[in-house]
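The values are calculated or read from the model by the stated rules, or taken from the named source; none is laboratory data. Just so we're clear, the structure is a prediction, and the values are computed from it rather than from any experiment. Reconstructed Cβ throughout: ideal geometry from the backbone, glycine too, with neighbour counts over all protein chains shown. With ligands, DNA and RNA removed, areas are computed over all heavy atoms of the protein, side chains included. Shrake-Rupley method; radii C 1.70, N 1.55, O 1.52, S 1.80 Å.
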Amino acid sequence: MARKNEVRNRAESRFKARRKKVLSRIKGEAAIFCSAAETTRSRDLQYSFHQNSDFFYLTGFEEPDAVLLLLGGTKGPRSVLFLRERSPEFERWIGPRLGTKRAQKKFEIDEVLPIDTLSKRLPKLLAPVLQTTGVVHFTPGLRKEIDELIWSGFSSPVNPRPGNPNTIKDARLLTSEMRLKKDRDEIRAIRHACDITAESFWKLARSLNTVKSERHAARILESSFSEFGGHGIAFETIVASGKHATTLHHHPTFQPLWKRELVLIDAGASYNGYCADITRTFPASGTFSSNQALVYDVVHNALVRATRKVAPGRTLDQIHQAAVSAITSGLVALGVLEGTVRELIALEAYKPFFMHRTSHWLGIDVHDISPISLNGKVIPSHKIPLEPGYVFTIEPGLYFDPKDKSVPVEFRGIGIRLENDILVTNSGYEILTEQIPTERSEVEKIFT
Ligand code: GLY
Ligand code: MN
């Protein structure tokens with residue numbers, strides 16, 4: 001029990017430390033972070049709730065209808081959490097609410113207030129900031145009522161004036177640098193999400209010949225996530241049989257898996273709020289045809305070459321260029337493109353067949369963190385020098401449209417993507433998802 005409490009306390013003070021770091025960056029200013037909105041699925045029923053990532057990063061709190069206010073002034077409370085009061089009737093139908101009393105202790109917050117006092121209390125709490133710098137960090141677009149409340153501060157015809165905010169800054173830029181570099185607990189959570197996902201891929205691959213449809217395969221995978229201790233899905237599972245794999249984010253259908261075709265599976269478990277994201281492309285029959293093998297090896301080579309580029313100081317752009325170069329050489333070898341690789345790259349001739357970038361950051365969001373500000377400057381993701389603790393994907397692919405007459409007929413309708421999750425380390429990198437093989441002969445061994 002003592003150990004359990006210790007772990008819980010460490011987790012909670014982690015959120016407090018993050019808030020403290022943000023507070024140190026907003027001297028004399030304020031920041032407002034909202035929980036996500038609930039979305040209606042049908043009449044009085046909601047889609048399952050998914051918390052806003054920055055709000056989660058700073059609080060660990062997973063209820064809707066909450067607002068975190070951080071005040072960088074010197075007087076009064078510095079962190080204020082607005083949340084729903086407890087309600088026996090609501091809790092009978094929907095489930096427990098934390099409520100204001102328990103929240104103060106749990107989150108080590110200076111002040112906890114009921115959310116229905118927000119419109120009255122917010123102007124008073126903001127007053128010291130508004131009378132000095134007038135700078136409020138806030139990202140609109142999450143919840144209409146909060147946008148309107150903040151906006152109402154600007155709506156005087158004589159703005160800017162004392163008592164109203166005069167500058168709104170994107171609050172995402174306050175957390176982006178912190179979120180980019182994962183701490184020990186975050187890495188542990190991502191690693192665990194990857195292990196759960198990889199184990200689930202193994203289980204699905206071994207039973208692929210009994211699977212009734214793409215949708216069935218997706219549900220088997222997701223059920224394994226739960227079986228192996230996952231907390232949910234990181235994003236909607238993609239299972240694409242045959243030519244369906246030429247649609248990048250294909251939604252699984254009731255279509256049976258075509259026996260002689262490939263099956264592209266792109267899925268991830270979530271664990272403690274952190275995501276995994278793995279793609280593998282398997283032969284439904286257990287062995288690749290010779291044409292499938294030719295295309296597969298091009299994508300695999302791109303994966304290997306791009307991965308070898310990873311090191312502290314390198315950028316996602318350099319990793320992408322390595323993938324582009326391997327893919328373009330492969331397209332020439334397959335007879336899809338003609339010309340010199342260098343010219344074809346300059347012309348972006350690979351783009352009809354490899355139309356996405358090779359990498360995205362991975363963390364609380366599967367496509368993690370954007371925009372990113374480093375040392376006070378917004379930098380495009382692909383130009384940021386890698387540092388130990390950064391986590392991202394490498395996922396080259398080739399997609400030959402079934403109707404594209406420029407492609408040799410034997411390759412039309414083939415879609416292949418391979419995706420690993422990578423942790424940058426002091427000496428280079430670690431592949432977090434290599435428990436499930438990518439090399440073609442190793443993949444075929446799964447099925448024997
Ligand atoms: N796993 C989906 C994607 O990265 O776009
Ligand atoms: Mn991905």
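How much FRET efficiency would the formula 1/(1 + (r/R0)^6) give for I446 and Q104, where r is the Cβ-Cβ distance and R0 is 56 Å, rounded to 0.05? Kindly include the intermediate steps, with their values, before the conclusion.
On the way: r = 52 Å, r/R0 = 0.92.
Efficiency for this residue pair is about 0.60.
In a Gaussian network model over the chain where Cα atoms closer than 10 Å are linked, find which of F228, F49, F138 has the largest mean-square fluctuation. Answer for the Gaussian network model of the chain: F49.
Which of K309/K377; K21/K309; K21/K106; K203/K403 have a Cα-Cα distance over 22 Å?
K309/K377; K21/K309; K203/K403
For segment 158-269, the equivalent ellipsoid derived from the Cα gyration tensor has semi-axes of 41, 20, 11 Å, listed largest first. The ellipsoid equivalent to the alpha-carbon distribution of segment 11-97 has semi-axes of 29, 13, 12 angstrom, derived from the gyration tensor eigenvalues as √(5λ) and listed largest first.
Remark: spin-label model distance R188-K403 equals 5.3 nm, labels positioned 7 Å along the Cα→Cβ axis. For N426 and K21, the FRET efficiency from 1/(1 + (r/R0)^6), where r spans their Cβ atoms and R0 equals 22 Å, is about 0.45.
Using 1/(1 + (r/R0)^6) with R0 = 60 angstrom and r between the beta carbons of A127 and E227, what's the FRET efficiency to the nearest 0.05? If you can, show how the numbers build up before the last one.
Working: r = 53 Å, r/R0 = 0.88.
So, using R0 = 60 Å, E works out to roughly 0.70.
P(r) tail for segment 2-176, what percent of Cα pairs lie past 26 Å?
Values: 4573 of 15225 pairs.
Beyond 26 Å sits 30 percent of the P(r) for segment 2-176.
At the residue level, K445 shows approximately 120 square angstrom of accessible surface with a 1.4 angstrom probe and all protein chains present. In loop segments of segment 289-358 as defined by DSSP, the GluC sites (Glu not before Pro) with at most 12 further C-beta atoms inside 10 Å of their C-beta are E338, E348.
The modelled label-to-label distance for the pair N209/S152, using points 7 Å beyond Cα in the direction of Cβ, is 6.7 nm. Taking Cβ atoms as reference points and 15 Å as the exclusive limit, the residues near Q255 contribute a net charge of +4, counting Lys and Arg as +1 and Asp and Glu as -1. Over all directions, the projected convex hull of the C-alpha atoms in the chain averages 25.6 nm² in area. Taking 0.36 nm per residue of sequence separation and removing the Cα-Cα distance, the K75/L374 pair yields an extension gain of 104.8 nm. What is the percent carbon and sulfur in the accessible area of the chain, measuring with a 1.4 Å probe over the protein chains and ignoring ligands? Carbon and sulfur: 52 percent of the exposed surface of the chain.
Looking at segment 254-334, the trypsin sites (Lys or Arg not before Pro) that sit in a DSSP loop and have at most 13 other Cβ atoms within 10 Å of their own Cβ are K259, R260.
Between T253 and E410, the contour length at 0.36 nm per residue exceeds the alpha carbon distance by 54.0 nm.
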